[in-house]
Structure formats: C-alpha cells, structure tokens
1. State which residue is surrounded by the fewest Cβ atoms within 10 Å (Cβ to Cβ) when the search covers only the stretch 11-48 and only residues that are outside any loop (DSSP other than H, G, I, E, B) and touching a residue at least 60 places away in the same chain (Cβ under 8 Å).
2. Of all residues in the stretch 36-75 being in contact with a helix residue (DSSP H, G or I) (Cβ under 9 Å, 6 or more places away or on another chain) and among the aliphatic types (A, V, I, L, M), which is nearest to Asn118 (Cα to Cα)?
3. Say whether the condition of being of a type in the set (Val, Ile, Thr) and surrounded by fewer than 20 Cβ atoms within 10 Å (Cβ to Cβ) is met by at least one residue in the stretch 84-91.
4. Give the residues of the stretch 130-182 that are surrounded by fewer than 16 Cβ atoms within 10 Å (Cβ to Cβ), of a type outside the set (S, T, N, Q) and in a loop (DSSP other than H, G, I, E, B), sorted by residue number.
5. Among the residues of the stretch 49-65, is there at least one that is part of a strand (DSSP E or B) and either touching a residue at least 40 places away in the same chain (Cβ under 8 Å) or farther than 28 Å from Glu106 by Cβ (or both)?
6. Asp108 passes all but one of (1) surrounded by fewer than 23 Cβ atoms within 10 Å (Cβ to Cβ); (2) within 24 Å of Lys167 (Cα to Cα); (3) over 13 Å from the mean Cα position of the chain (by Cα); which number fails?
7. In the stretch 53-81, which residues are exposed (fewer than 15 other Cβ atoms within 10 Å of the Cβ) and farther than 19 Å from Phe130 by Cβ?
Amino acid sequence: MTNVFIFHGTGGYPEENWFPWLKKELEKIDCKVIVPQFPTPQNQSIENWLRVLKNYKKFYNKNTILIGHSLGGSFLLRALEWYKIKIKAAFIVAAPIGLLPIKNYENDKLFLGDFAFNWQKIKSHCGKFFIYHSDNDPYVSLVNGKELAKNLDTELIFVPNAGHFNKLAGYARFDMLLERIKKELP
C-alpha cells in the first residue's frame, strides 16, 4: 500500500480545493491518504507543522508520496530535510520558495526566508519530483516554480491559466495530477 500525504497551505484546511476529490480517488486504488490540518495562519511555523506531521510518522516510509499545495509544498521540502527516509515521489503545486512577489510572504517567511533550503539533502530523500506552476498565479510568482524545478533537477510542469490551482481557479478536481500520481503507484 502506498501512503500519500496532502499538505495544504497558508489559511488552508483538508477539505478545500481538490484535496477531498484526490483523497477519494486515491483511496479507490488502495492508497492510504492523510491530509493533516496544520495550524494556520495563527501559530504557523515549521516547528508546529512538523509536530503535527510527527503524529503520522508510522506512515512516512519508502513507499510514501508527498503532495504539497502552496506553502504545503514549501513545508514538503522542509519535511524532506527533516526526515532521513527516502520517499518515492513528491508533487509540489504552486509553492513559494522565497522569490518575490509572494502574496502571503509575511505569513510564509518562517518557512522560506529564515534559512536556505538544503537542496542536496532534499534530493537525496526523494526518488522523483514533479513541480506544477502556472503563469497567472495571483499568490506565488512563476519564478518560484522555475527556480524550484532547477534546484531539484527536474522539469517544470507548466499549466497555463491555472491560477493558484485552487477552487477559485476551477480546481475542485486535478485530473492531470491524479494521472501522474497513478504512474508512480505499484
């Protein structure tokens, strides 16, 4: 069984956007899907989010797939730095890595600006990376996606006019993401 984590972003929650739909679809094909609720925006910090993730540590293993949306993608990178387990794959959607403009930078900077990402460690703890970004994201500029793909030695999956890949941009489903995840399953 593949364990899949979906991480929401700033001000987010497990039942928003395409998360419930993706969870349901992946459970149909025998995945264990965990969508933790992180403290946000109050008490939003790497330490507090890692504290929440520790509750699910037994599901974090070599067959794990991580999916992060927005700041959840940034946190995904921090989780890869933190845990010494090499996971199967990571899917990062519209994530900020500190390159302005970022609409929620004041709330997100504890994840982005206090210390640099350790790209070598991150890459050593994950088999494959998939980076999704759009050209009209009102929250996170495209330069973040481009730089993230470059630092992770992978291609940017560019989706024109997808906004922030949230419900407001028409993403109550994310079929392209589901189909790519399926290719990583046994």
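1. At the first step, the residues of the stretch 11-48 found to be outside any loop (DSSP other than H, G, I, E, B) are 19-28, 31-34, 46-48.
With the extra rule that they be touching a residue at least 60 places away in the same chain (Cβ under 8 Å), the set shrinks to 21-22, 25-26, 31, 46.
Numbers: Trp21: 15, Leu22: 23, Glu25: 19, Leu26: 21, Cys31: 20, Ile46: 18.
Step by step, filter the stretch 11-48, then rank; the result is Trp21.
2. Ile46
3. Of all residues in the stretch 84-91, those of a type in the set (Val, Ile, Thr) come to 85, 87.
From what is left, the residues that are surrounded by fewer than 20 Cβ atoms within 10 Å (Cβ to Cβ) are 85.
Among the residues of the stretch 84-91, at least one is of a type in the set (Val, Ile, Thr) and surrounded by fewer than 20 Cβ atoms within 10 Å (Cβ to Cβ), which makes the answer yes.
4. Asp135, Pro138, Asp153, Glu155, Pro160, Gly170, Ala172, Arg173, listed by residue number.
5. Residues of the stretch 49-65 that are part of a strand (DSSP E or B), as a first pass: 64-65.
Narrowing further to those that are either touching a residue at least 40 places away in the same chain (Cβ under 8 Å) or farther than 28 Å from Glu106 by Cβ (or both): 64-65.
There is at least one residue in the stretch 49-65 that is part of a strand (DSSP E or B) and either touching a residue at least 40 places away in the same chain (Cβ under 8 Å) or farther than 28 Å from Glu106 by Cβ (or both).
6. Asp108 satisfies every listed condition except (1).
7. Step one: filter the stretch 53-81 for residues exposed (fewer than 15 other Cβ atoms within 10 Å of the Cβ), giving 54-58, 61-62.
Result: Lys54, Asn55, Tyr56, Lys57, Lys58, Asn61.
Every residue, every condition in (1) in a helix (DSSP H, G or I); (2) not acidic (Asp, Glu), yes or no:
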| residue | (1), (2) |
| --- | --- |
| Ser74 | yes, yes |
| Leu77 | yes, yes |
| Glu81 | yes, no |
| Ala95 | no, yes |
| Phe115 | no, yes |
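A short reminder: the numbers here are calculations on the coordinates, not readings from a lab. Just so you know, these numbers come straight off a predicted model, no measurement behind them. A quick note on method: Cβ atoms are made from the backbone with ideal geometry, for glycine too, and the neighbour counts reach across all protein chains shown.
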